[in-house]
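A.B. asks: The structure is given below, and queries will be raised subsequently.
The values are calculated or read from the model by the stated rules, or taken from the named source; none is laboratory data. If you're wondering where the values come from, they're calculated on a predicted model, not measured in any experiment. Please note: Cβ atoms are built from the backbone with ideal geometry, for glycine as well, and neighbour counts cover all protein chains shown. Just so you know, the surface numbers come from the protein's heavy atoms only, side chains and all, with ligands and any DNA or RNA stripped out. Shrake-Rupley method; radii C 1.70, N 1.55, O 1.52, S 1.80 Å.
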Amino acid sequence: MRHPPQSLTIRQPDDWHLHLRDGAVLQAILGDSARQFGRAIIMPNLRPPVTTTAQAAAYRARILGALAEVPDEAATRFQPLMTLYLTDHTAPDEILRACESGFVHGVKLYPAGATTHSDAGVTDLLGHCTGALEAMQRQGMPLLMHGEVTDPTVDLFDREAVFIERVMMPLRKAFPELKVVFEHLTTREGAQYVSEAPGPIAATITAHHLLYNRNALFQGGLRPHWYCLPVLKRETHRLALIEAATGASARFFLGTDSAPHPRGAKEQDCGCAGCYTAHHAMALYATAFEAVGRLERLEAFASLNGPAFYGLPVNTATLTLERADAAIPQELPMGDDVVVPLAAGESLPWRVRR
Ligand code: NCD
Ligand code: ZN
């Protein structure tokens, strides 16, 4: 019998979709990402949102300030890649400033009302944003899309598939050279579209959508810590995502969508969407890849495909995962509060070597 590998060394991975928040929360969680990832695309959905290059510069400075306080030498090399939050009023000039800055790497589309802190988002992409989109297409600035419609007559579980027809396809017909990332892909339809569509398109996939189907939300009762947007889907969708992430296409890469909320904000009558996975992100991904016998595909997904799409060099450092019975803490300190990490209290067969 072949023995399973006891360790796995890969190029240092990057996280192409991360919520770092701000202030004391940022300071508390930043080390979890910085200890594993070389870089991360930082989501702009603060309150107020990061809509200008000047705001992105200030947020980046706060992240770098917090990084200097992370008590771990290796973590201090982490690089935040900033994004702007697209609104109905984003001017083409603002896009040009972002491109010239060198530190803004994408512009994020939140359809208004789609998710946490999206009320300032776009109400009609092709109606209001064509000037900004033209500038992005010309400059090669990627559009990072939260791919769900918000139409209340569309079932929550169908919102990604309907988005492809109503928003994604018309957008890409009008802007065929625009670089697009379909963020946190969750469906078979999405995986098929990204695999086959012409032009510059890619997708991020979270660890939780690779590991869990929507049963996790209702396992033995209502489980708020498994609630995120886009919501977990049926098993057939999870299997399609696994195929995409572990397959040969370079269009799929790692994006945790790690999105911490204080315990009380999730455990209440209207609990927030978002799962905190940064703490054990690479162990979760390794577990998902190993479960289908594709551990050897993890490096392309986590460390190579993302930089290729974003036109950035691959990291020079490496990361080693080792086999271990690693318990996930019940909760972690987060500023004045605590956060409950995804799968708290369970254990994983991998951990990152320190
Ligand atoms: C994110 C958050 O909390 O900021 N929540 C989530 O469920 N993923 C927002 C988002 O990415 O949709
Ligand atoms: Zn997100």
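A.B. asks: Which one is most open to solvent (accessible area, probe 1.4 Å), of the residues in segment 255-274 that are acidic (Asp, Glu) and more than 17 Å from Glu183 (Cα to Cα)?
C.D. replies: Asp269
A.B. asks: Within segment 190-197, is there a residue that is crowded, with 18+ Cβ neighbours inside 10 Å, closer than 25 Å to Ala40 by Cβ and within 12 Å of ligand 1 (Cβ to nearest atom)?
C.D. replies: no
So that you can scan it fast, the table gives a plain yes or no per residue for (1) open to solvent by 20 Å² or more (accessible area, probe 1.4 Å); (2) in contact (Cβ under 8 Å) with a residue 60 or more places away in the chain; (3) part of a loop (DSSP other than H, G, I, E, B):
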| site | (1), (2), (3) |
| --- | --- |
| Leu222 | yes, no, yes |
| Leu229 | yes, yes, yes |
| Lys233 | no, yes, yes |
| Thr236 | yes, no, no |
| Leu239 | yes, no, no |
| Ile242 | no, no, no |
| Phe253 | no, yes, no |
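A.B. asks: Further question on the same structure: Taking Ile63 as the residue in question, decide whether it is in contact (Cβ under 8 Å) with a residue 24 or more places away in the chain, within 16 Å of ligand 2 (Cβ to nearest atom) and either loosely packed, with under 14 Cβ neighbours inside 10 Å or at negative phi (or both).
C.D. replies: no
A.B. asks: Please name all residue pairs, on different chains or six or more residues apart, with Cβ atoms under 7 Å, provided the first residue is in segment 209-220 and is open to solvent by 30 Å² or more (accessible area, probe 1.4 Å) and the second residue is among the polar types (S, T, N, Q).
C.D. replies: Close Cβ pairs satisfying both conditions: Leu211/Thr287.
A.B. asks: Between Ala286, Ala327, Ala300, which is of a type in the set (A, V, I, L, M) and closer than 14 Å to Ala207 by Cα?
C.D. replies: Exactly one residue qualifies, and that residue is Ala286.
A.B. asks: For segment 38-59, which residues satisfy the criterion of being within 29 Å of Thr320 (Cβ to Cβ) and more than 15 Å from ligand 2 (Cβ to nearest atom)?
C.D. replies: Gly38, Arg39
Per-residue answers, yes or no, for (1) open to solvent by 20 Å² or more (accessible area, probe 1.4 Å); (2) farther than 28 Å from Asn315 by Cβ; (3) not acidic (Asp, Glu):
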residue: Arg77; (1), (2), (3): yes, no, yes
residue: Leu81; (1), (2), (3): no, no, yes
residue: Ala98; (1), (2), (3): no, no, yes
residue: Val104; (1), (2), (3): no, no, yes
residue: Gly113; (1), (2), (3): yes, yes, yes
residue: Asp119; (1), (2), (3): yes, yes, no
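A.B. asks: Starting from residues that are open to solvent by 10 Å² or more (accessible area, probe 1.4 Å) and part of a loop (DSSP other than H, G, I, E, B), keep the ones in segment 143-174 and report whichever is farthest from Gly274 (Cα to Cα).
C.D. replies: Thr153
A.B. asks: Could you list, in sequence order, all residues of segment 275-312 that are outside any helix (DSSP H, G or I) and crowded, with 22+ Cβ neighbours inside 10 Å?
C.D. replies: Within segment 275-312, Cys275, Tyr276, Thr277 qualify.
A.B. asks: Among the residues of segment 217-230, how many are within 14 Å of ligand 1 (Cβ to nearest atom) and either of a type in the set (Ser, Thr, Tyr) or within 21 Å of Thr287 (Cα to Cα) (or both)?
C.D. replies: Total meeting the criteria: 5.
A.B. asks: Of the residues in segment 258-274, how many are in a helix (DSSP H, G or I) and among the small types (Gly, Ala, Ser)?
C.D. replies: Adding up the residues that qualify gives 2.
A.B. asks: Now a separate question. Any residue in segment 332-354 that is open to solvent by 80 Å² or more (accessible area, probe 1.4 Å) sitting within a Cβ distance under 9 Å of a residue that is among the basic types (Lys, Arg)? List the pairs, counting only those 6 or more apart or interchain.
C.D. replies: What qualifies is Arg351/Arg323; Arg354/Arg35.
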